[in-house]
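Working notes for the structure below.
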Amino acid sequence: MVAAAGNSKTNPRQKATFLTRLILLSILGLAISLPFVWMVSASFKTRAEVEQVQIVPQTPTSQNYPIVLNTQPDPVTHKKLDLKFGRWYFNSLFIAVGSTFLQVLTSAFAAFAFSRLKWRGRDTVFMLYLATMMIPGVVLMIPNYQAMVSLNFLNTYHGLIIPAAFSAFGTFLLRQFMLSISPALDEAATIDGANSWQIFWDVVLPLARPGLIALTIITFLGAYQSFFWPLIMLNSDQLFPMSVGMLTLDSSYGQQTELIMAATVMNVAPLIIIFAAFQKFLVSGLQLGGVKG
Amino acid sequence: MKVPLLEERAEAVQGKAPNGNSGKPARRRRGSGQTAAALGFLAPNLIGFLAFTFFPVLFSFWMAFTNWSLKPAVKFSYVGLRNFTDLLGVRPITDGSPGLLWEYVFCGALAVIGMIAALWANMSQWKGTRLGGAVIALAGLAFLVIGSQQAIQGVALAGIVALICGLTAASQDADFKPGVGSIPGIMIALGAAGLWQMHTAMEKTYEPTDNYFWQYFYNTVFMMIGIPFSIGGSLLIALLLHEDLPTGAARQRMVGTAICLLLGLMMGGIIWTLGNPNAGLLCALLWGIVALGIGFNVVAFRTLFYLPTFTSGVALMILWKALYNPTTGPINLGLGALYHVLGIHADPPHWLSDVMWAKPAIIIMGVWTGIGGTNMLLYLAGLSNLPKELLDAADVDGAGPWHRFRHVTWPQLAPTTFFITIMSIIGGLQGGFEQARVMTSGGPAGSTTTLSYYIYNKAFQDLDMGYASAISWVLFLIVFVATALNWKFGKGMEVD
């Protein structure tokens, strides 16, 4: 959208600065990508080599990956690591998919009620939703933890998914999208005999698709990376998501940088794939999501 | 947070909607059935909202007035305001001197109110703000000199911030006459001077009942030093990115990309075989990025710059922990090599394990993560909404790039900058938990513990839920001030 603007004609000012811009941007790009480059290179190094400044491994090895995934023993200790890396992968994805699906669904329902239906007290309730958005997460963590303790939700999947299934932010975001859809469509559908559900499902939801995609990505990202809540909710490493698992890995094998980096690469890789695949939707969606920061 | 605007827009949309003859009966029919439907649609979300947000807020507030603890030995009781007085209060070391205490509190309040008033004065363009800015700049200079002479990091940095803010206000296009707008500046200067003057006496007479809180509050504020760098960097990147690079037609682009790739391979290969694989790889990488830029234009760079934000989380913090490793990390290996070349006989900083360097290390990581993130996207949106006539007019007037930026782009972007700043401050106040938990355990010597990590420790290590709730409400109050300022002055900013 931003990029499309200047395609037609280039004025002299642009041409003169073209090279400067390209060079500055490329150097900045190199600086931003260096930590990633080092991460990938360290994950292909041997133990002996990982502590050298050399970026290019002299004897590249891919054995760090099977070691972290627990299919091969550590060459030095001849023991398999005490990790459940594959399990953590699954947990992260399962928790993220579950809470994203539920959150987008409940947010879409609520946003429809707040934007397309008329009922008494609507604006008051919505203001209440908005007001809670500025309350720091830590304020809610303590009472929510207490609630989880009394519900016996500690160390369960649903204890991680259900509290993440509702969000004032998602409701706010989708309401904003739905408000921009013309109400004339509802009226037309009503005249044709459609009920509220049909208006929601057949008229509003398809038109709110960009908003739904944006919210899905933002929520998925947040859930995949969530750390605080699983950290306090779980003490069984069977249920750890990747974020908490990485912490365990780092505290037990933190000295073995090459293993840690192999794990980091595997952690970040799915995100980079998602990012590359959805890059088109992301910019507009994330600008909207900028409210959340 | 932009409710009024949204309401207006909704009404505008509804107003435009065709209100035909059939509209009225249809609407009445719908109106009666809609409450039930709305309840149905709202129910799943509302139940979750009440259960996980609304009641917890009330519960947390109530907890802040109790000694609620997960330790079985502690008997539950209401403690009134004691959590708050323990947190914010002071106790006399020797005799105490209420007069001094009140004066100290008064000066603190004067400085804080002065800061809010200064923002107010600048946003509503009161008369005399230029003089006020100059006063603030002078006070900042004094603090900078004192702080660097006595090697107090915090005082010197506060001085720098005041100096920058003051100079910004003092360089506006207005006359130097005194006015209402000068008062906030004088308030800040007087308050800060008073605090500095009484500081030593206060330390001898009183000590805070919770010394940690003030230390961690200081840490939290200190970590926000990264914000101006991050915002400045985002703006710079957005300025470089917001227009397409004139890379020509598709065929030219393909040729350009191919040439760059070829050059990269050749130069990289030559340097590599000459015995410096590192430099060879970096050179090839740089050419590769240039090739990407020519092939995919600004989208390539935008994607690259956004990557750290998108992948940020525990994994990247562990990556940075490895980068910062004082003996085996690439940063210090590189610095060591650099020192060797320059002939400096010193150890590179020990980063995360050094009290002096732990905070800067986390700040640098934060700037790297956030520089091409959401802030950059917001600036890009702001730049694309810039009225083209203004820039053309500036061109006609023969303004250079700097003048065009200073007098057209920067003022036009002011709402975006304000919004980003406030959002960064709100985020900064609540931030630092993951970094502390993953990278430093809050150390060394508590130097990277922020308020959110303190709350976590109080609640989930000491199991002192009541006290932790009290801290979280104090944090909320500070965040609320920032949010309120955003409501008051950020009206022009709508994110879409």
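The values are calculated or read from the model by the stated rules, or taken from the named source; none is laboratory data. From a predicted model like this one, the values you see are computed outputs, not experimental measurements. Glycine gets a Cβ as well: all are built from the backbone with ideal geometry, and neighbour counts include every protein chain shown.
Take B:LEU286 and decide whether it is in a helix (DSSP H, G or I), at pLDDT 90 or above, surrounded by fewer than 22 Cβ atoms within 10 Å (Cβ to Cβ) and within 7 Å of another protein chain (Cβ to nearest Cβ).
Yes.
Look at the stretch B:398-422 and say how many of its residues are touching a residue at least 24 places away in the same chain (Cβ under 8 Å) and either within 12 Å of chain A (Cβ to nearest Cβ) or within 30 Å of B:ALA358 (Cβ to Cβ) (or both).
Residues flagged as touching a residue at least 24 places away in the same chain (Cβ under 8 Å) and either within 12 Å of chain A (Cβ to nearest Cβ) or within 30 Å of B:ALA358 (Cβ to Cβ) (or both) within the stretch B:398-422 amount to 6.
Since A:LEU185 meets every condition but one in (1) in a loop (DSSP other than H, G, I, E, B); (2) surrounded by fewer than 18 Cβ atoms within 10 Å (Cβ to Cβ); (3) facing chain B (nearest Cβ under 10 Å), which condition does it not meet?
Here A:LEU185 meets the rest and fails (1).
Any idea how many residues of the stretch B:336-382 are over 20 Å from the mean Cα position of the chain (by Cα), in a helix (DSSP H, G or I) and surrounded by fewer than 18 Cβ atoms within 10 Å (Cβ to Cβ)?
Result for the stretch B:336-382: 10.
Away from chain A (no Cβ under 11 Å), among the β-branched types (Val, Ile, Thr) and either surrounded by 16 or more Cβ atoms within 10 Å (Cβ to Cβ) or part of a helix (DSSP H, G or I) (or both): does that describe B:THR483?
no
Do you know which of the residues in the stretch B:383-397 that are within 33 Å of the chain's Cα centre (by Cα) and aliphatic (A, V, I, L, M) is nearest to the other protein chains (Cβ to nearest Cβ)?
Ranking the qualifying residues of the stretch B:383-397, first place goes to B:LEU383.
Restrict the check to the stretch B:197-218 and report whether at least one residue is in a loop (DSSP other than H, G, I, E, B), among the polar types (S, T, N, Q), closer than 30 Å to B:LEU383 by Cα and in contact (Cβ under 8 Å) with a residue 24 or more places away in the chain.
No.
Among the candidates A:LEU69, A:LEU34, A:LEU28, single out the residue that is more than 9 Å from every other protein chain (Cβ to nearest Cβ), under 27 Å from the mean Cα position of the chain (by Cα) and not hydroxyl-bearing (Ser, Thr, Tyr).
A:LEU69
So for the stretch A:136-147 (the condition being more than 9 Å from every other protein chain (Cβ to nearest Cβ) and closer than 30 Å to B:TRP473 by Cβ), does at least one residue qualify?
no
Could you list, in sequence order, the residues of the stretch A:30-59 that are in a loop (DSSP other than H, G, I, E, B) and either aliphatic (A, V, I, L, M) or exposed (fewer than 13 other Cβ atoms within 10 Å of the Cβ) (or both)?
A:ALA48, A:VAL50, A:VAL53, A:ILE55, A:VAL56, A:GLN58, A:THR59 - these are the residues of the stretch A:30-59 that are in a loop (DSSP other than H, G, I, E, B) and either aliphatic (A, V, I, L, M) or exposed (fewer than 13 other Cβ atoms within 10 Å of the Cβ) (or both).
Given the criteria more than 8 Å from chain A (Cβ to nearest Cβ), of a type in the set (A, V, I, L, M, F, W, C) and on the phi > 0 side of the Ramachandran plot, does B:ALA445 qualify?
Yes.
Please give the number of the condition A:ARG47 fails out of (1) under 26 Å from B:LEU304 (Cβ atoms); (2) within 13 Å of chain B (Cβ to nearest Cβ); (3) of a type outside the set (Val, Ile, Thr).
Going through (1) under 26 Å from B:LEU304 (Cβ atoms); (2) within 13 Å of chain B (Cβ to nearest Cβ); (3) of a type outside the set (Val, Ile, Thr) one by one, A:ARG47 breaks only (1).
Looking at the stretch A:148-163, can you tell me whether even one residue there is under 27 Å from B:TRP68 (Cα atoms), at the interface with chain B (Cβ under 7 Å from one of its Cβ atoms) and either within 27 Å of the chain's Cα centre (by Cα) or modelled with pLDDT under 85 (or both)?
Checked the stretch A:148-163: at least one residue is under 27 Å from B:TRP68 (Cα atoms), at the interface with chain B (Cβ under 7 Å from one of its Cβ atoms) and either within 27 Å of the chain's Cα centre (by Cα) or modelled with pLDDT under 85 (or both).
Does B:VAL408 meet the test of being more than 22 Å from the chain's Cα centre (by Cα) and on the phi < 0 side of the Ramachandran plot?
So B:VAL408 passes the test.
If we scan the stretch A:163-173, do we find a residue that is assigned to a helix (DSSP H, G or I), closer than 24 Å to B:LEU463 by Cβ and of a type outside the set (S, T, N, Q)?
There is at least one residue in the stretch A:163-173 that is assigned to a helix (DSSP H, G or I), closer than 24 Å to B:LEU463 by Cβ and of a type outside the set (S, T, N, Q).
For the stretch A:108-118, enumerate the residues that are crowded, with 17+ Cβ neighbours inside 10 Å, at pLDDT below 90 and facing another protein chain (nearest Cβ under 7 Å).
A:LEU117
Just to be sure before I move on: is B:MET254 out of contact with any Pro (no Cβ under 7 Å at 6 or more places or on another chain), in contact (Cβ under 8 Å) with a residue 12 or more places away in the chain and either basic (Lys, Arg) or surrounded by fewer than 15 Cβ atoms within 10 Å (Cβ to Cβ) (or both) in the structure I sent?
Here the answer is yes, as B:MET254 does meet what is asked.
Yes/no per residue for (1) of a type in the set (Ser, Thr, Tyr); (2) farther than 22 Å from B:ASN122 by Cβ; (3) surrounded by 22 or more Cβ atoms within 10 Å (Cβ to Cβ):
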position	(1), (2), (3)
B:ASN385	no, yes, no
B:VAL396	no, yes, no
B:GLY400	no, yes, no
B:ARG406	no, no, no
B:THR416	yes, no, yes
B:ILE420	no, no, yes
B:GLU434	no, yes, no
B:ARG437	no, yes, no
B:GLY446	no, yes, no
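Among the residues of the stretch A:206-227, what is the count of those that are surrounded by 18 or more Cβ atoms within 10 Å (Cβ to Cβ) and touching a residue at least 60 places away in the same chain (Cβ under 8 Å)?
Going through the stretch A:206-227 one residue at a time, the tally reaches 13.
Here's the yes/no breakdown for (1) more than 14 Å from B:LEU292 (Cα to Cα); (2) away from chain A (no Cβ under 11 Å); (3) among the basic types (Lys, Arg):
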residue: B:ILE225; (1), (2), (3): yes, yes, no
residue: B:PRO228; (1), (2), (3): yes, yes, no
residue: B:GLY256; (1), (2), (3): no, no, no
residue: B:ILE259; (1), (2), (3): no, yes, no
residue: B:GLY268; (1), (2), (3): yes, no, no
residue: B:THR273; (1), (2), (3): yes, yes, no
residue: B:ASN276; (1), (2), (3): yes, no, no
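Output the residues belonging to the stretch B:94-141 that are free of Cβ contacts under 8 Å to residues at least 24 places away in the same chain, of a type in the set (A, V, I, L, M, F, W, C) and either in contact with a helix residue (DSSP H, G or I) (Cβ under 8 Å, 6 or more places away or on another chain) or not in a helix (DSSP H, G or I) (or both).
Of everything in the stretch B:94-141, just one residue is free of Cβ contacts under 8 Å to residues at least 24 places away in the same chain, of a type in the set (A, V, I, L, M, F, W, C) and either in contact with a helix residue (DSSP H, G or I) (Cβ under 8 Å, 6 or more places away or on another chain) or not in a helix (DSSP H, G or I) (or both), namely B:LEU141.
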